[in-house]
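The values are calculated or read from the model by the stated rules, or taken from the named source; none is laboratory data. A quick note: this is a predicted structure, and the numbers were derived from the prediction, not measured. With ideal geometry, Cβ positions are generated from the backbone for all residues, glycine too; neighbour counts draw on all protein chains shown. In case anyone asks, the SASA skips ligands and DNA or RNA and just uses the protein heavy atoms, side chains included. Shrake-Rupley method; radii C 1.70, N 1.55, O 1.52, S 1.80 Å.
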Amino acid sequence: MLGTDKASLPVAADATEFDRRRFLDALLTVGFVSTAAAIAYPVGRYLVPPASGEAATESVVAARVKTLRPNSAAIFKFGSKPGIVVRTADGEVRAFSAVCSHLDCTVQFKSDTSQLWCACHNGTYDLGGNVVSGPPPRGLEKFIVNLRGEGDDAEIVVSRA
Amino acid sequence: MNVIDWVDERLDLTEVRHFVAEKGVPVHAQKIWYYLGGMTLFLFGVQVFTGILLLLYYRPSAAEAYESVQFIVTQVQFGWLIRNVHSWSANLLIGLAFAHFFSVFFLKSYRKPRELTWVSGMLLLFLMLGFGFSGYLLPWNELSFFATKVGTGIAGAVPVIGHFSLRLLRSGDDVTGATLSRFYGLHVAVLPAIASALVALHLLFVQRQGMSVPPAVEKRLKPGERLPQMPFFPNYILRDVLAWYVVIAVLAALAAFYPWELGTKADPFAVVPPGIRPEWYFLAMFHTLKLVPSHVLGIEGERLGVVVFGIAALFLVLVPFVDRRASRGESSRFFTVLAAAGLIYLVTFTIIGHYAK
Amino acid sequence: MQPTNRVQPGDRAPRTAVRQKVLALAIGLFVLVGSRASAAQETPPRGNSCVSCHSTQLDQRLVNPTRLFGGQDVHREKGFECVDCHGGSPASPDKASAHDASGRIAAMAFRGKPAGQALIATCARCHSDAELMRSYAPKQRVDQATEYAASVHGKRLAAGDTKVATCASCHGAHGIRLVSDARSPVFPTNVAGTCATCHADEKRMAGYTLADGSPLPTHQFNDYRTSIHYNALTKGNDLAAPTCNDCHGNHGAAPPNVGAVANVCGTCHAVFAQKFAASVHQPIFDKGCVECHNNHAVVKPSDQMLSAAAPGVCQPCHNGDDKTDKGAAAAGGMRAGMERLKDEIDRSGALLAGLQNAGIAVSDQQLALREAGSKLTLARTEMHGFDPALVAPILGDGMKIVAAVDRAGQAGRAELSFRRRGLFLSLGAILIFVVALGLKVRQIDRRDHERQAPSATV
């Protein structure tokens with residue numbers, strides 16, 4: 001075509017053609033593998049269950065029994081609102097919503113009176129969730145407590161009533 | 001011995017080999033439209049795949065549906081990707097299905113001997129709309145709840161069987177958790193079963209009869225001349241795969257840059273949000289119904305509108321049997337105009353419906 | 001001989017007689033049943049000559065007591081009778097002996113309708129007797145009469161004013177219900193209406209004055225009905241919310257002394273009273289809490305109140321235009337801080353909601369943001385010490401929490417960008433593949449074409 005040796009041209013053309021084909025096939029393989037990986041990787045990760053287990057609408061693990069000494073309490077997250085899990089002096093575990101019914105502050109446990117107390121305006125609740133004194137108009141929402149596991153290692157599972 | 005030979009020894013793949021070797025796709029100026037069907041099929045596959053993945057975490061109850069979608073999107077690894085791909089792919093699927101429908105309508109591919117392909121295709125189009133409607137409720141957010149309320153209410157306007165259909169759809173008189181369960185069952189079991197059967201039929205017809213050539217192209221052929229053919233394997237199939245990958249890219253970009261909203265959880269006792277309207281693929285029909293006066297010649301406007309749409313749908317399904325001229329191979333200008341009018345109507349009213357208050 | 005079954009003149013009499021007998025029987029039955037039904041008595045009082053005489057009187061004023069006492073009445077249900085308060089003889093059929101005032105026929109001399117001091121004495125005869133009350137209601141107090149004597153009502157009654165309230169004015173005399181009965185005039189939700197029967201009546205209150213000589217106001221009930229306390233009591237089902245007797249006293253009813261207002265409010269609003277007691281306003285305010293919050297029309301407070309310009313309550317003592325007025329400046333500063341924190345909380349909350357909508361998990365941050373809301377509540381409490389130096393740290397804590405939540409929000413947005421970047425990479429891979437595929441397709445086409453028409457160069 002360009003004045004080169006006709007005998008040698010087809011061979012050279014074939015060789016470059018072959019190389020080009022090899023390169024293209026290689027590129028294709030790389031492309032296919034990478035796109036397949038880009039699809040398979042998310043799908044694979046998706047199938048692995050997340051740490052939080054399930055949508056925390058109905059129930060949640062509040063704490064482990066061993067982290068709660070008698071006559072103490074801990075705040076936990078239930079959905080996007082705080083809850084409080086209390087271990088009474090005789091070892092029983094109870095759970096309430098920690099949202100004070102007065103102005104939505106978070107209540108805390110007072111171990112000297114064994115009552116739930118709201119720091120904002122001095123509202124006090126007993127360990128049944130009932131208002132003892134102060135401005136709260138209603139008691140604290142009570143949750144159902146179940147223990148999953150044995151003895152001190154048991155998980156405290158809190159569910160909505 | 002390779003795998004194919006191993007299978008051949010046992011199942012006799014002669015016919016398959018023959019088919020693969022011989023199947024061709026006609027090459028002409030309008031062949032670009034051939035890809036739409038394959039793209040629609042691909043997106044249907046994407047929907048089934050991502051749908052099954054979503055199934056693993058979704059909970060179809062009024063109390064948990066919204067939270068489970070929130071869970072998928074925020075807690076599950078790449079859940080946001082799967083959910084967004086599913087939502088966007090649904091819209092693209094319906095869009096492509098309509099494009100495929102219009103291209104077949106304009107190019108008269110429905111004419112004899114492909115009438116059954118058309119009928120199965122029309123039914124598939126309606127099924128896809130059903131998929132969209134039933135799936136839209138599943139996230140159980142405010143918009144989907146009220147859109148379903150309005151949509152099923154329109155179904156109630158059908159004469160004679162309207163109220164019965166409404167109760168059947170809603171699984172009761174109102175949209176409740178029972179509706180959610182029913183829509184879920186429809187969306188993941190009933191509709192997929194019917195759709196799979198129809199897709200199989202549709203593909204069987206297409207494979208058996210080959211691709212239709214537009215009348216205009218056919219006319220230009222000299223007697224005895226055959227259109228050049230492109231081998232189905234690998235030429236056409238690779239192009240098909242190319243188109244599919246472009247679709248994947250579009251989906252991925254949409255999922256990343258325009259994530260589908262969670263919305264607020266549905267509250268059946270809340271006031272209907274102003275300007276509530278269905279998804280874009282129902283917008284033209286919805287807006288038309290809104291424009292119909294409340295009473296026309298003594299008949300309730302909405303009822304009349306629904307009946308007219310029903311008749312139009314039936315007519316569309318029967319187009320191959322009505323368009324005699326196309327069946328005979330003659331030019332059928334009337335149906336081309338009809339298709340154009342339909343397209344203009346749909347596009348215009350969708351746009352108007354979108355911007356209407 | 002005439003047939004015996006034919007109607008004869010004179011036959012009418014027997015038939016009429018029968019009809020009359022039936023009619024009389026019917027009327028008798030009717031009266032019997034009717035009297036039973038209308039009385040609705042569970043246990044008819046034993047000495048029922050009072051009832052049998054009074055219930056047949058024409059004057060309704062004489063009939064009503066028997067009707068009411070025969071209905072739901074706590075005294076009758078405990079076994080008491082008319083004579084236990086009124087005296088007289090329950091068995092005597094005639095008025096003179098029934099109304100025996102000498103005490104010769106009856107165990108207790110008839111005293112008619114007690115009024116004024118006599119009424120107090122009638123009730124106190126039992127209700128101030130601790131031993132007697134112990135057998136009926138051991139927890140019930142027995143000092144009501146003593147309290148009453150110390151009240152404005154009691155003092156005026158002792159001075160001869162018969163218009164004032166006595167036991168029966170609030171509790172009723174017949175048909176008395178327990179205080180815990182929702183239909184009792186002294187059930188918490190009914191107390192204000194009972195007091196208002198007199199105290200909202202301008203004609204009745206005419207002639208009475210406050211300590212400073214100004215006429216006794218009668219708008220308290222209307223004011224109270226606009227208050228948050230009334231709202232909590234009637235709509236919020238909070239029976240602990242205050243009504244008239246919670247601040248003014250029950251039987252010892254008297255307005256709290258001017259100096260005692262803060263103590264009264266502080267019974268429930270203890271924290272605010274504490275802060276106020278330590279503040280600069282405590283010695284200055286004559287009327288304590290009422291200076292800013294009104295006494296009866298206590299409405300829900302808002303940040304708008306904290307200002308020396310209307311509608312703030314700091315004026316007219318403080319002048320917002322006076323740059324040297326430290327109080328006005330303090331109020332302005334505290335209010336600005338609180339409003340800023342509130343705005344920041346709202347803004348941060350909206351940001352989190354947006355992130356959640358886009359698919360980022362934000363419930364931890366939402367939980368933390370609530371603590372900022374608590375700080376705002378605490379700041380509003382601390383404000384009652386009227387010292388910006390005390391309020392500022394709390395507001396500062398709140399702002400710190402919001403800042404921390406914002407930082408977490410930034411992390412959320414970073415996650416979103418990370419996702420987009422990841423997607424770009426995938427798009428890159430897809431692009432490579434698409435280009436390669438396109439080239440491959442062209443290559444295959446060319447190969448097919450050459451196969452059909454091999455290159456002439458070979």
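Values for this structure:
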read-out: B:M122, sole failed condition from (1) open to solvent by 20 Å² or more (accessible area, probe 1.4 Å); (2) outside any loop (DSSP other than H, G, I, E, B); value: (1)
read-out: Top-ranked residue of region C:291-328 - restricted to ones that are over 20 Å from C:F276 (Cβ atoms) and of a type in the set (G, A, S), ranked as surrounded by the most Cβ atoms within 10 Å (Cβ to Cβ); value: C:G320
read-out: Lone unmet requirement of (1) modelled with pLDDT of 90 or more; (2) within 14 Å of chain B (Cβ to nearest Cβ) for C:G337; value: (2)
read-out: Residues satisfying the stated conditions in region A:132-147, i.e. assigned to a strand (DSSP E or B), surrounded by 15 or more Cβ atoms within 10 Å (Cβ to Cβ) and away from chain C (no Cβ under 14 Å); value: A:K142, A:F143, A:V145
read-out: Pair list, Cβ under 6 Å, 6 or more apart: region B:252-272 residue within 12 Å of chain C (Cβ to nearest Cβ) and among the hydrophobic types (A, V, I, L, M, F, W, C), other residue open to solvent by 60 Å² or more (accessible area, probe 1.4 Å) and part of a helix (DSSP H, G or I); value: B:A256/C:R420
read-out: Filter result for the condition that a residue is among the β-branched types (V, I, T) and open to solvent by 60 Å² or more (accessible area, probe 1.4 Å), over C:T162, C:T234; value: C:T162
read-out: Qualifying helices (runs of 4 or more DSSP H) (wholly inside region B:173-246; at least 3 residues being open to solvent by 30 Å² or more (accessible area, probe 1.4 Å), modelled with pLDDT under 90 and not β-branched (V, I, T)); value: B:191-209, B:215-220
read-out: Elements of type strands (runs of 3 or more DSSP E) contained in region A:64-131, each with 2 or more residues being away from chain C (no Cβ under 14 Å); value: A:72-78, A:81-87, A:93-97, A:108-110, A:115-118
read-out: Lone qualifier among C:R134, C:R141 - being of a type outside the set (D, E), open to solvent by 50 Å² or more (accessible area, probe 1.4 Å) and within 27 Å of the chain's Cα centre (by Cα); value: C:R141
read-out: Selection count where residues are open to solvent by less than 20 Å² (accessible area, probe 1.4 Å) and away from chain A (no Cβ under 13 Å), scope region C:376-391; value: 2
read-out: Spans of helices (runs of 4 or more DSSP H) in region B:286-335 with at least 2 residues among the charged types (D, E, K, R); value: B:301-317, B:324-327
read-out: Matching residues, region C:189-225, being more than 22 Å from C:D246 (Cα to Cα) and charged (D, E, K, R); value: C:E202, C:K203, C:R204, C:D212
read-out: Considering residues of region C:345-354 that are surrounded by fewer than 21 Cβ atoms within 10 Å (Cβ to Cβ) and in contact with a helix residue (DSSP H, G or I) (Cβ under 7 Å, 6 or more places away or on another chain) only, the residue farthest from the other protein chains (Cβ to nearest Cβ); value: C:L351
read-out: Qualifying position, being open to solvent by 40 Å² or more (accessible area, probe 1.4 Å) and without any contact (Cβ under 8 Å) to a residue 60 or more places away in the chain, among A:A74, A:A89, A:A98; value: A:A89
read-out: Single residue of region C:51-91 satisfying the filter (among the polar types (S, T, N, Q) and in contact (Cβ under 8 Å) with a residue 12 or more places away in the chain) that is nearest to C:S135 (Cα to Cα); value: C:Q72
read-out: Neighbours by Cβ (under 9 Å, 6+ apart or cross-chain): first from region B:57-76, more than 10 Å from chain C (Cβ to nearest Cβ) and closer than 12 Å to C:Q356 by Cα; second β-branched (V, I, T) and open to solvent by less than 30 Å² (accessible area, probe 1.4 Å); value: B:E67/A:T57
read-out: Matching residues, region B:22-46, being open to solvent by less than 40 Å² (accessible area, probe 1.4 Å), touching a Pro at 6+ places or on another chain (Cβ under 9 Å) and assigned to a helix (DSSP H, G or I); value: B:Y34
read-out: Residue check for C:Q365: away from every other protein chain (no Cβ under 13 Å), of a type in the set (S, T, N, Q) and farther than 30 Å from B:W244 by Cα; value: no
read-out: Selection status of B:T348, surrounded by fewer than 13 Cβ atoms within 10 Å (Cβ to Cβ), modelled with pLDDT of 85 or more, out of contact with any Pro (no Cβ under 8 Å at 6 or more places or on another chain) and not in a loop (DSSP other than H, G, I, E, B); value: yes
read-out: Residue within region B:139-152 that is free of Cβ contacts under 8 Å to residues at least 24 places away in the same chain and among the β-branched types (V, I, T) present; value: no
read-out: A:E150 being open to solvent by 70 Å² or more (accessible area, probe 1.4 Å) and more than 10 Å from chain C (Cβ to nearest Cβ); value: yes
read-out: Residue, most open to solvent (accessible area, probe 1.4 Å), within region C:392-412, restricted to residues that are farther than 17 Å from C:D343 by Cα and in contact with a helix residue (DSSP H, G or I) (Cβ under 7 Å, 6 or more places away or on another chain); value: C:A408
read-out: From A:F23, A:F32, residue being facing another protein chain (nearest Cβ under 8 Å), assigned to a helix (DSSP H, G or I), under 30 Å from C:L439 (Cα atoms) and open to solvent by 90 Å² or more (accessible area, probe 1.4 Å); value: A:F32
read-out: Residues being at positive phi and within 32 Å of the chain's Cα centre (by Cα) - total across region C:356-396; value: 1
read-out: Extreme residue, least open to solvent (accessible area, probe 1.4 Å), among residues of region B:72-88 that are in contact with a helix residue (DSSP H, G or I) (Cβ under 9 Å, 6 or more places away or on another chain) and assigned to a loop (DSSP other than H, G, I, E, B); value: B:V76
read-out: Near pairs, Cβ below 6 angstrom, 6+ apart or cross-chain, from region C:310-332 (under 17 Å from C:P388 (Cα atoms) and modelled with pLDDT under 85) to any residue that is open to solvent by 50 Å² or more (accessible area, probe 1.4 Å) and not β-branched (V, I, T); value: C:G320/C:A309
read-out: Test: residue in region A:49-62 that is assigned to a strand (DSSP E or B) and more than 14 Å from chain B (Cβ to nearest Cβ); value: yes
